[in-house]
Structure formats: C-alpha cells, structure tokens
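Data first, discussion second: the structure below is written as structure tokens.
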C-alpha cells in the first residue's frame, strides 16, 4: 500500500469540499473493493475520505410507498431491518445473500452502487425495482445511473447519499453465486407493480441490465409459460474463466424462471 492521508469529515458538505480541493483523494465507504485495491498497489490516492459516519448518509425510512436507504447503511443492516423486511422483503433477502458475514458487516449499499461491479447484487434490485440514486447534487434513475462495467453517471466529487426504492406488489431475487466469492455469476430480480413488470439481471453481462423481452412477456401473462420461448443473445454475455457466455445466457433464463416461481409462491 502506498502512503496516504486519512481524513474524516464532519459533514457531507465538508467531504465534498475536501474532494473538490484534493482531486487525487478517494471517498471511503465500506472499502470492500477499494482497500484490497490499495493493498495490491493498484491505486495511489492522496487521501482517503471516510464517509461512514456522516449523519446525512444514515438511516432507513419508508414513506409514501418509497423505501429510502442511506448510502452508509451496511448490507447486514439492510438484511436485518424490520422496515425493509416488511416493505420489500426481496431486497432484505438480496442483502443477506451478499458475499459473506464479514463483507455484509462492513460493506455499504452506497459503496456497492457507486462501484457498480458487474457481479454485484444491488444493481439487479436497482433495475428490478426502478430505483432512484440520490446524490449530493441530483437524482438519477437507475437506468441512467448504470453506464457500463464499473462505470456510472457519477461526476467528480459527486457522492451517492441514498437509494430510493418504490415498493412493489411482489418481488423476488435469486442468484447463482460464485463458490469462493459469493458474487453473482448470474442474479435476477423480478418485480411486479400493477401492470408493470421489471426483470433486472446482474453478473451475466458487462453491467447489470433489464431483460425487456421477459418483461413484455410477463406483463401479458405473469406465468412461467410466458418465458418458455424466450432466449437471450450469448454475444451480450460475459465470457470468462468463471462461466462461458452461452452458460450465462442459459442462467439468465433459468434464474428468471426461478425468481418468478418465488414471486408466485409468495403471492
């Protein structure tokens, strides 16, 4: 690890001002990706700006059918929250599937969303629920926020402050997890809100995406039969040592059907 300076701001405004004044500084939330990167000397920031105790980034609230989760909320807190379990149980279940207990007790939802790892779990929920990413300067729809592999719409010194999830009528998330890391080789979040059906997929492609063909089919017939004739182009999938593209394409369909079955079972 290269030498750096640790800084703990007292407020969100102070954190943003510091980041603007120190362009080589990096914000630190859970640090589940950043710290290993630093230890391997793959990054050399001038400062680490600790966001974990900022009051503006804390809390889980529910109002007017919207669940708001502060960016510094840890995965274990999301998984264990009575509010999340009551209003969007599929989101609590997703958080409980992230990696391992050590990661769940250190990693934060804001850090995960800002990092936008293609195999992370939360991006599937962002797309599958039509979430809004609230930042220090604006509000960004999930589809606009996720740009590409490890790439988001965030600008320099812009910080994620909260995520807002509309409450669905019913939803479920299931994934095929990597045996060692727990990352999603493929994960699918299916939700239904009135006549709107959303299918968010993570792990399979270079970035999380919505499977629109499945959404359209399920909007007409919310049953397994609607998915029978669908397939997804393997050329759009990742192809690596973990899983070939054709296998991932098949996993998307398999886990969409399993997530749908879980939704129907819980109805």
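Okay, residues lined up against (1) free of Cβ contacts under 8 Å to residues at least 24 places away in the same chain; (2) more than 25 Å from residue 95 (Cβ to Cβ):
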{"position": "188", "(1), (2)": "no, no"}
{"position": "193", "(1), (2)": "no, no"}
{"position": "209", "(1), (2)": "no, no"}
{"position": "228", "(1), (2)": "yes, yes"}
{"position": "238", "(1), (2)": "no, no"}
{"position": "252", "(1), (2)": "no, no"}
{"position": "256", "(1), (2)": "no, no"}
{"position": "261", "(1), (2)": "no, no"}
{"position": "265", "(1), (2)": "yes, no"}
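Looking at the range 84-100, can you tell me whether even one residue there is more than 22 Å from residue 56 (Cα to Cα), out of contact with any helix residue (DSSP H, G or I) (no Cβ under 7 Å at 6 or more places or on another chain) and at pLDDT below 95?
The answer is yes; a qualifying residue exists.
Can you name every residue in the range 165-181 that is touching a strand residue (DSSP E or B) at 6+ places or on another chain (Cβ under 9 Å) and not in a strand (DSSP E or B)? Before the answer, list the steps.
Quick first cut of the range 165-181, residues touching a strand residue (DSSP E or B) at 6+ places or on another chain (Cβ under 9 Å) only: 165-178.
Result: 167, 168, 169, 178.
Do you know which residues across the range 37-60 are outside the structural domain of residue 22 (by TED's automatic domain parsing), more than 18 Å from residue 8 (Cα to Cα) and either touching a residue at least 40 places away in the same chain (Cβ under 8 Å) or touching a helix residue (DSSP H, G or I) at 6+ places or on another chain (Cβ under 7 Å) (or both)?
Hit for the range 37-60 is 60, nothing else.
Just checking, which of 264, 251 is surrounded by 16 or more Cβ atoms within 10 Å (Cβ to Cβ), within 26 Å of residue 193 (Cβ to Cβ) and modelled with pLDDT of 95 or more?
On the way: 264 fails: surrounded by 16 or more Cβ atoms within 10 Å (Cβ to Cβ).
251 is the lone residue from the list that is surrounded by 16 or more Cβ atoms within 10 Å (Cβ to Cβ), within 26 Å of residue 193 (Cβ to Cβ) and modelled with pLDDT of 95 or more.
Would you check if there is a residue in the range 145-164 being closer than 17 Å to residue 94 by Cα, in contact (Cβ under 8 Å) with a residue 40 or more places away in the chain and assigned to a strand (DSSP E or B)?
yes
Residues are listed down the side, and each one gets a yes or a no for (1) within 20 Å of residue 123 (Cα to Cα); (2) buried (at least 17 other Cβ atoms within 10 Å of the Cβ):
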position	(1), (2)
13	no, no
19	no, yes
66	yes, no
70	yes, yes
79	yes, yes
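Is one or more of the residues making up the range 184-198 at positive phi and buried (at least 19 other Cβ atoms within 10 Å of the Cβ)?
Step one: of the range 184-198, the residues at positive phi are 194.
Subsequent filtering for residues that are buried (at least 19 other Cβ atoms within 10 Å of the Cβ) retains none.
Checking the range 184-198: not a single residue is at positive phi and buried (at least 19 other Cβ atoms within 10 Å of the Cβ).
Quick one: residue 30 ticks every box in (1) at pLDDT below 95; (2) over 19 Å from the mean Cα position of the chain (by Cα); (3) not in a helix (DSSP H, G or I) except a single one, so which number is it?
Condition not satisfied by residue 30: (2).
Check off (1) out of contact with any strand residue (DSSP E or B) (no Cβ under 6 Å at 6 or more places or on another chain); (2) surrounded by 21 or more Cβ atoms within 10 Å (Cβ to Cβ); (3) touching a residue at least 40 places away in the same chain (Cβ under 8 Å) for residue 127 and give me the number that stays unchecked.
Checking residue 127 against (1) out of contact with any strand residue (DSSP E or B) (no Cβ under 6 Å at 6 or more places or on another chain); (2) surrounded by 21 or more Cβ atoms within 10 Å (Cβ to Cβ); (3) touching a residue at least 40 places away in the same chain (Cβ under 8 Å), the one that fails is (1).
Out of 19, 67, 38, report the one residue that is in contact with a strand residue (DSSP E or B) (Cβ under 9 Å, 6 or more places away or on another chain) and assigned to a strand (DSSP E or B). Break it down into steps so the answer makes sense when it comes.
On the way: 19 fails: assigned to a strand (DSSP E or B); 38 fails: assigned to a strand (DSSP E or B).
Step by step, each of 19, 67, 38 is checked, and only 67 is in contact with a strand residue (DSSP E or B) (Cβ under 9 Å, 6 or more places away or on another chain) and assigned to a strand (DSSP E or B).
Being over 11 Å from the mean Cα position of the chain (by Cα), closer than 19 Å to residue 177 by Cα and in a strand (DSSP E or B) is the filter here, so list the residues in the range 197-209 that pass it.
199, 209
Quick check on residue 236: is it modelled with pLDDT under 95 and closer than 28 Å to residue 111 by Cα?
Values: modelled with pLDDT under 95: no; closer than 28 Å to residue 111 by Cα: yes.
For residue 236, the condition - modelled with pLDDT under 95 and closer than 28 Å to residue 111 by Cα - is not met.
The values are calculated or read from the model by the stated rules, or taken from the named source; none is laboratory data. Computed from a predicted model, the values in this text were never measured in an experiment. Backbone-built Cβ (ideal geometry, glycine too); neighbour counts: all protein chains shown.
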